[in-house]
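Colleague: Sharing a structure below in structure tokens format, with a few things to ask.
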Amino acid sequence: MSTTRQEEIWAMVKGVNAVTNNVGKSLNLYRQWAPNFDQDNADIQYNGPKFTAQTIDELFGENKDALILDAGAGTGLVGEELQNLGFTNLVALDGSQEMLDVANQKGVYKSSVCSFLGPDRLDIDSRQYDCVVCVGTMAAGHANASCLPELIRITKSGGYVVIAMREIHIPDCGYDGKSWDDWLKIHEDNGLWKKIEIRNVENWLSGVYVGVNHYYGPKFTAQKIDELFGENKDVLILDAGAGTGLVGKELQNLGFTNLEALDGSQDMLDVANQKGIYKRSICSLLGPNRLDIDPGQYDCVVCAGTMAADHANAGCLPELIRITKSGGYVVIATREALIPDCGYDGKSWDDWLKIHEDNGLWKKVEIRRVENWLAGFYVGVINVYRVI
Ligand SMILES: C[S@@+](CC[C@H](N)C(=O)[O-])C[C@H]1O[C@@H](n2cnc3c(N)ncnc32)[C@H](O)[C@@H]1O
């Protein structure tokens, strides 16, 4: 697939989910997207339908006759996955007739209904379905928590409501002054449903950034450092886990001149060194081992994308602190989903942040969550600590 095509798909994904969209606008975009929706979503490896169908399979086991409403069925990707798993009793609902027209050609659903998911009553009798599933239907300009009472009403007592969505849309799915999470709890407190599981899944959309540089982590991290140092562009900064120099490049663009790189891979550093960004580069592993660097050298040590499973973890924090000047900053930016893999020696990442603070080694300045870390699909976290 060409980069241009991938950019176009990405633009369409962003377009239908634009926070400013009202449902009319996004349904209009789905009308245009319907003929290409399946191919485009295959190209960006949209795994949501498969993951959700697997969850339903876990819930129903051998009961393949369960009556399932696919609410926001679109072109029927969820129905296809359910059919592949043996489910036979499927009904589709969507606000876009054009999307349903594509779904109907697949022979997956016994019937389909063009209807709008919102606070209004659906033309469906109560307690009809063993399961109501929504995949990708909750988002800005799509459906939101206002439709939950209706989804619950049409589900049999003992049946399941399975709602799968991209994590970044959750803040846009509240209703009537209350958040998405508030509504999940309100309906539980009111005895309408009971939470079985909230499962985080990686790789919801796994292919969108292939060949396209939508990795915004370095830029966001450099901007944070710029906020910390303002006009003082001469500060000595170590880019720890510098890789090919993406963070250094962003810092250089912002006027920083005094940059050094450290990375465990000489091959990555070789690429970085060709860019003329860093005054010095050090090939060294970040871990509990002592670095060959004197204490209190740097005004700032930055790590972006370096903390992850099989990368560095909290075991290297004491060294990062040791080589930073008193009053300097350690800025560690990582994808939020990777944090659970960054603990060390039986303690979590968050435990270690706090342990070093309790031990008077550093003081938290900010922990900032940022959207669009990678390809618009991941949330990043920038941890800023001031060394004491
Ligand atoms: C991202 S697509 C997902 C389609 C399908 N579930 C899938 O995972 O491939 C979102 C679908 O939700 C539908 N939709 C969005 N808001 C809706 C609403 N308020 N009521 C009914 N359908 C809606 C759109 O028409 C579109 O087909």
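Colleague: Run down LYS106, LYS156 and say which single residue is over 22 Å from ASN200 (Cα atoms), more than 11 Å from the ligand (Cβ to nearest atom), assigned to a strand (DSSP E or B) and among the basic types (Lys, Arg).
Modeller: Criteria check complete, one pass: LYS156.
Colleague: Determine whether GLY61 is away from the ligand (no atom under 13 Å from the Cβ) and of a type outside the set (Phe, Trp, Tyr).
Modeller: Here the answer is yes, as GLY61 does meet what is asked.
Colleague: Here's a follow-up. If I ask for residues that are surrounded by 15 or more Cβ atoms within 10 Å (Cβ to Cβ) and among the aliphatic types (A, V, I, L, M), which ones from the range 36-66 would you list?
Modeller: ILE44, ALA53, ILE56, LEU59, ALA66
Colleague: Report every pair of residues separated by at least 6 positions or lying on different chains whose Cβ atoms are under 9 Å apart, first residue within the range 78-99 and free of Cβ contacts under 8 Å to residues at least 24 places away in the same chain and farther than 30 Å from LYS25 by Cβ, second part of a helix (DSSP H, G or I) and near the ligand (Cβ under 9 Å from one of its atoms).
Modeller: Qualifying pairs under 9 Å: none.
Colleague: Counting only residues that are part of a loop (DSSP other than H, G, I, E, B) and farther than 21 Å from VAL23 by Cα, which one in the range 109-136 is farthest from the ligand (Cβ to nearest atom)?
Modeller: Per the stated criteria, the residue is ARG127.
Colleague: Can you confirm whether GLY79 is near the ligand (Cβ under 10 Å from one of its atoms) and under 19 Å from VAL162 (Cβ atoms)?
Modeller: Criteria met by GLY79.
Colleague: Could you list all residues from the range 159-170 that are part of a strand (DSSP E or B) and either away from the ligand (no atom under 12 Å from the Cβ) or closer than 20 Å to ASP125 by Cα (or both)?
Modeller: Within the range 159-170, GLY159, TYR160, VAL161, VAL162 meet the criteria.
Colleague: Something else: In the range 83-103, what residues are under 12 Å from ASP130 (Cβ atoms) and either of a type in the set (Lys, Arg) or within 16 Å of the ligand (Cβ to nearest atom) (or both)?
Modeller: Of everything in the range 83-103, those that are under 12 Å from ASP130 (Cβ atoms) and either of a type in the set (Lys, Arg) or within 16 Å of the ligand (Cβ to nearest atom) (or both) turn out to be PHE87, LEU90, VAL91.
Colleague: One residue is enough: does the range 238-253 have a residue meeting the conditions small (Gly, Ala, Ser) and farther than 23 Å from GLU319 by Cβ?
Modeller: Looking for residues that are small (Gly, Ala, Ser) and farther than 23 Å from GLU319 by Cβ, one finds none in the range 238-253, hence no.
Colleague: Being in the same structural domain as PHE51 (by TED's automatic domain parsing), in contact with a Pro (Cβ under 6 Å, 6 or more places away or on another chain) and not basic (Lys, Arg), is that true of even one residue in the range 132-149?
Modeller: yes
Colleague: Quick one: ALA139 ticks every box in (1) crowded, with 23+ Cβ neighbours inside 10 Å; (2) modelled with pLDDT under 95 bar one, so which box is it?
Modeller: (1)
The values are calculated or read from the model by the stated rules, or taken from the named source; none is laboratory data. These numbers come from a predicted model, not from an experiment. Here Cβ is always computed from backbone atoms with ideal geometry, including for glycine, and neighbour counts include all displayed protein chains.
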